[in-house]
Structures are given as structure tokens and as C-alpha cells.
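Notes to accompany the following structure.
The values are calculated or read from the model by the stated rules, or taken from the named source; none is laboratory data. Everything numeric in this text was worked out from a predicted model, so none of it was measured. Note that each Cβ is placed from the backbone with ideal geometry, even for glycine, and that neighbours are counted across all protein chains shown.
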Amino acid sequence: MTQLPASIDATQTMLGDVGYVAGRDLSTVVFLALKLGRPLFLEGEAGVGKTEIAKALAASLDRRLIRLQCYEGLDASSAVYEWNFAAQMVAIRTAEAQGGAERAALTRELFSEDYLISRPLLEAMRPQEGGAPILLIDELDRTDEPFEAFLLEALSDFAVTIPELGTITAPEPPIVILTSNRTREVHDALKRRCLYHWVDYPSFEREMEIVTARAPEAAETLSREVVAFVQKLRGEDLFKKPGVAETIDWAKCLVALDAVELSPAVIADTLGAILKYQDDIQKLQGSEAKRLLDAAKAEL
């Protein structure tokens, strides 16, 4: 188990060692979350690297990553635990075939750990080899308010209650990362439990560092053109602006095509790597891509 970083600089270096290029502002809030044992709430546009922070922490600290992917309709039973109904039915039928068992004893057996299926929140509360795990609660804004209320209680005490077994408390609180794409506002009460950071689109220099780290096979000239073009593209009126993840994907696609520089033809052929809606792609057809490319190259 790797020790927690002792400073902001050490945090920044630790993340960089596993390929995550973090600015000092982000490194500061990550360091404080680790130091104080507080959940970290990361908000920002999709594709700017919020989820990757949890993965980078798990890799750099050599901790297990437990991910709860949120969705509409997610409830406590899906996030915490459920009983293995099929196995319980088999046990009941077996007991009946063997002449029956004492009802109270059978009930205790059926609702024991042997028939319990742990979901991410419960799994994160259990002892782990190598220290407390990284608990990633991803895209929290996809859930509804009742689940937020439940999560608020769970993160307050780092404990969950199973009526048949009692309360299970984490021997060591997990390192909690919550993310939101801000498709709706998350309740203030939950945010107050956390340290908060808005993850914005990076500057040109920062995005160049990221592309160099994540797509090192791309030549520097090509990488600079890719980043400059994407930065210009984000200033356009698009339904979904490309994130850093799309920049990295595009650079890798261009390398796979043996492209050495951007051209309107190359851009037209590979727009699907950075734009995910047909309306946005249509806006870049014809002379529009050339206009943005010329503007991007003029600033290099």
C-alpha cells in the first residue's frame, strides 16, 4: 500500500506518474480530500477527466477501485446489497426435500452473509487488503433526490444498515470521489459533506501536456494542431463540445491513419472522433472546418 502524499506538490507528482496531468488547483483539492478524509465532489462537462481522477488515485495509491455507476431509478438496494433470491429458493427446496428444517434456523441461514450479494457501497465499507478503497460514485446527477438523501446518510457515518444483519461500519472510511456532469443540480446538503472542485476545459498548454502523456506516439506538430483546433472548436455553438477524452481519441485516430498534419480533408474524415452529434458534424462540413483550422494554425 502506497502512503498518502505529504504535500500538494507530491500529489501533483503522484498523479503525473500514472499519466494524469493535474493543475495545482486540482492537486490542492485532491491533497486536502486525502488529508482530511473528506469526499471529493467533482463537477464539470463530460470528458474533462473527472472519472479518470479516481482511476489515477487507485493506480497511484495501489488501492482497489470500486465504482458505482449512477443512472435514473438507482435505489439503495441496487447500490448497497441484495439477497441472492435464486440461491435462497434452492436452499428452501433442499430443506423441504430433506424433510424440512426448523423454521427459525432456516430463516437465519437464508438471511446470512452466505446469501448476501454486496453492491458497491457495501463493498466499499468492508475491510480491504492494501487499505481503504477508492469509491467512485460516477455521474451522480443522473440519480434522483431520494437516492441523494440516502447517500448523504451513508457518507456521514460510512455505515450501511441491513435489517437482517444490523449495521456494517467501515473500519477505515473509503476515499470517496463523486462526479457530476451537471445535467441537474445536486442538493446542497450533499455538497456540504464534500470538498468541491469544478473541472474545466484545460488551457492549450495543459491540454498539450495531457495529449503528450496519453498519446505519446503522436508527433508534436500534429498534437499542437489537434489541440489548437479542438480549443477553437469549443468556442463554436455546438450541442456537445469535445472534451479532453475526445482530443486524446482524435490524436490516436490520426496516428493510426498515419496523418502528419491536419487538413480539411483529414478533419472531415475523422470528425466522428471528436463530435458525437450529427447536427454538430454538419456544422463543420465544407469551408467551416478550413476556417477553424486556419485560425488554429495562425495562433501556433
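The residues on offer are 56, 76, and the sole one that is more than 23 Å from residue 188 (Cβ to Cβ) and in contact with a Phe, Trp or Tyr (Cβ under 6 Å, 6 or more places away or on another chain) is 56.
Filtered by the rule that a residue be under 12 Å from residue 247 (Cα atoms) and among the hydroxyl-bearing types (Ser, Thr, Tyr), segment 208-230 gives 212, 223. For segment 38-49, the criterion of being crowded, with 17+ Cβ neighbours inside 10 Å, in a helix (DSSP H, G or I) and assigned by TED's automatic domain parsing to the domain that holds residue 190 is met by no residue. Can you tell me which of 186, 211, 160 is among the β-branched types (Val, Ile, Thr) and under 23 Å from residue 57 (Cα atoms)? Matching residue, one of 186, 211, 160: 211. For segment 81-132, give me each residue that is without any contact (Cβ under 8 Å) to a residue 60 or more places away in the chain, polar (S, T, N, Q), more than 17 Å from residue 166 (Cβ to Cβ) and assigned to a loop (DSSP other than H, G, I, E, B). Matches in segment 81-132: 84, 98. The residues of segment 145-174 that are assigned to a loop (DSSP other than H, G, I, E, B) and under 23 Å from the mean Cα position of the chain (by Cα), listed by number, are 158, 170, 172, 173, 174.
Which of the residues spanning segment 235-266 are assigned to a helix (DSSP H, G or I) and either buried (at least 21 other Cβ atoms within 10 Å of the Cβ) or among the acidic types (Asp, Glu) (or both)? Across segment 235-266, the qualifying residues are 244, 246, 247, 248, 249, 250, 251, 254.
Which ones in segment 147-192 are farther than 14 Å from residue 121 by Cα and either touching a strand residue (DSSP E or B) at 6+ places or on another chain (Cβ under 7 Å) or buried (at least 17 other Cβ atoms within 10 Å of the Cβ) (or both)? Of everything in segment 147-192, those that are farther than 14 Å from residue 121 by Cα and either touching a strand residue (DSSP E or B) at 6+ places or on another chain (Cβ under 7 Å) or buried (at least 17 other Cβ atoms within 10 Å of the Cβ) (or both) turn out to be 179, 180, 181, 182, 186, 190, 191.
Checking each residue in segment 19-33 for being surrounded by fewer than 19 Cβ atoms within 10 Å (Cβ to Cβ) and touching a Leu at 6+ places or on another chain (Cβ under 9 Å) picks out only 32. Taking the criterion of being in a loop (DSSP other than H, G, I, E, B) and either of a type in the set (Val, Ile, Thr) or over 19 Å from the mean Cα position of the chain (by Cα) (or both), the residues of segment 194-234 that qualify are 199, 203, 215, 216, 217, 218, 219, 234. For segment 191-209, the criterion of a residue being under 25 Å from residue 69 (Cα atoms), assigned by TED's automatic domain parsing to the domain that holds residue 45 and without any contact (Cβ under 8 Å) to a residue 60 or more places away in the chain is satisfied by at least one position.
Checked against the criterion of being closer than 30 Å to residue 34 by Cα, at pLDDT 95 or above and touching a Pro at 6+ places or on another chain (Cβ under 7 Å), the candidates 211, 230, 199, 244 yield just one match: 244.
Is there a residue in segment 89-99 that is surrounded by fewer than 21 Cβ atoms within 10 Å (Cβ to Cβ), of a type in the set (A, V, I, L, M, F, W, C) and either in contact with a Cys (Cβ under 9 Å, 6 or more places away or on another chain) or closer than 30 Å to residue 242 by Cβ (or both)? For segment 89-99, residues surrounded by fewer than 21 Cβ atoms within 10 Å (Cβ to Cβ), of a type in the set (A, V, I, L, M, F, W, C) and either in contact with a Cys (Cβ under 9 Å, 6 or more places away or on another chain) or closer than 30 Å to residue 242 by Cβ (or both): absent.
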